[in-house]
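Comments concern the structure below.
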Amino acid sequence: MKNIQYFLESQAFGVCTKVGEKLGFATSSIRLYFIYLSFLTFGSPVLVYLIMAFWLNVRKHLRRERSTVWDV
């Protein structure tokens, strides 16, 4: 079960995991609150989730080390 959870978290952006790590909350409770909010607000947290996922992907891309011509 842990392998499946790790695979899904690594492939599905990991937004809830990052928020949980930053705020010190359990990831499962953040996911539940996200689901509850999505039902209560007719899906608007999905947009927030996608924006946060995009931002995490951009940050990961910017932090990656790049080789230059001068490194050769």
Residue-wise HN-Hα coupling along segment 40-46, computed from phi with Karplus coefficients 6.51, -1.76, 1.60 (Hz; x: Gly, Pro): 6, 10, 6, x, 5, x, 5
Glu21-Ser44 pseudo-label distance in nm [points 7 Å out on the Cα-to-Cβ vector]: 3.0
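Each reported figure results from applying straightforward, stated rules to the coordinates on display, with no laboratory input. Fair warning: this is a prediction, and the values are worked out from it, not measured in the lab. So basically every Cβ, Gly included, is an ideal-geometry build from the backbone, and we count neighbours across all protein chains shown.
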